[in-house]
Each structure stands twice: as structure tokens, then as C-alpha cells.
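Quick note: the coordinates plus some simple rules give every number you see, no bench work behind them. This one's a predicted model, so the numbers in the text were calculated from it and none came from an experiment. Note that each Cβ is placed from the backbone with ideal geometry, even for glycine, and that neighbours are counted across all protein chains shown.
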Amino acid sequence: MKIGDILNEVLGMVRSHHVRMEGDFVNVVISILLLEGIGRSLNPDIDLLSSALPILRQLGAQSGGGMLRQGDFSMLKVWAGLEARKFLQASIEDVERCVKYDQLSPNV
């Protein structure tokens, strides 16, 4: 999954609904798009969402309790989505490995 695709879709919705965005947010989005482009030119298989998971875990451990007490569940939603994605990706890779080495076929 490409972060750039997600951000482009968000920006498309922002434009279609004529929502004003803060300049700082626009700078962050452009920076992320540039970083992903540079990363993909160096390694086409790079997955920034998977790379971000350890950082989000650490951030959640440091400041997650305070955010939850204040009723801010945004980081929890991002973390849960990334964890679920990583789990599903690992499961798909396990199944593909089993199929490749003929471990799912009955011994007939």
C-alpha cells in the first residue's frame, strides 16, 4: 500500500469539498509524498506503513495514555489498522509459503 495513494485520495476529497487546510499540514503531506518518492526510487518494494509501525508503537507507549484519557482515539485507530495490516500480511505470506512447499495438500 502506498502512502502517496492514500494522501492523493485525501487531497482529492479536500479539493472536491472545498476544505481549507492549514499550511503546516500541506507541508507535511508534501514532505511525505517526496520521501515516499525518493524511497521508492531507491527501493521499489519499500513499505513506509510497515516501517512506521515501530515508531508508532513507541509513540503510543510514551503518550498514548494521556491521549486516551483526553478522548483522542486517532492514534489508537492508526495503530490498530497498521497492526491488523501487518498480521494479515504475515498470514498471507505463511499461506503462500505452505502452498509453495506443498504443505497444504493432503498426502494421497
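Compared with the alpha-carbon gap, the fully stretched path from Asp5 to Ile30 is longer by 7.7 nm at 0.36 nm per residue. Potential lengthening of the chain between Arg97 and Ala52 amounts to 13.7 nm, from the contour at 0.36 nm per residue minus the alpha-carbon distance. Summing Cβ point charges (Lys, Arg +1; Asp, Glu -1) relative to the Cα centre of the chain gives a dipole of roughly 220 debye.
Summing Lys and Arg as +1 and Asp and Glu as -1 over all other residues whose Cβ lies under 12 Å from the Cβ of Ala80 gives a net charge of +3.
Across the chain, the volume of the C-alpha convex hull divided among the residues equals 177 Å³ per residue. Each Lys or Arg adds one and each Asp or Glu takes one away; over the other residues whose Cβ falls under 12 Å from the Cβ of Ile30, this sums to -2. Around the Cα centre of region 1-46, unit charges on the Cβ atoms of Lys, Arg, Asp and Glu (plus for the first two, minus for the last two) sum to a dipole of about 120 debye. Could you please report the charge total around Ser63, scoring K, R as +1 and D, E as -1 over all other residues with beta-carbon less than 11 angstrom from its beta-carbon? Here the charged neighbours net out to 0. Straight-line reach from Lys77: taking Cα to Cα under 30 Å and skipping same-chain neighbours fewer than 8 places apart, the lysines in range are Lys2, Lys86.
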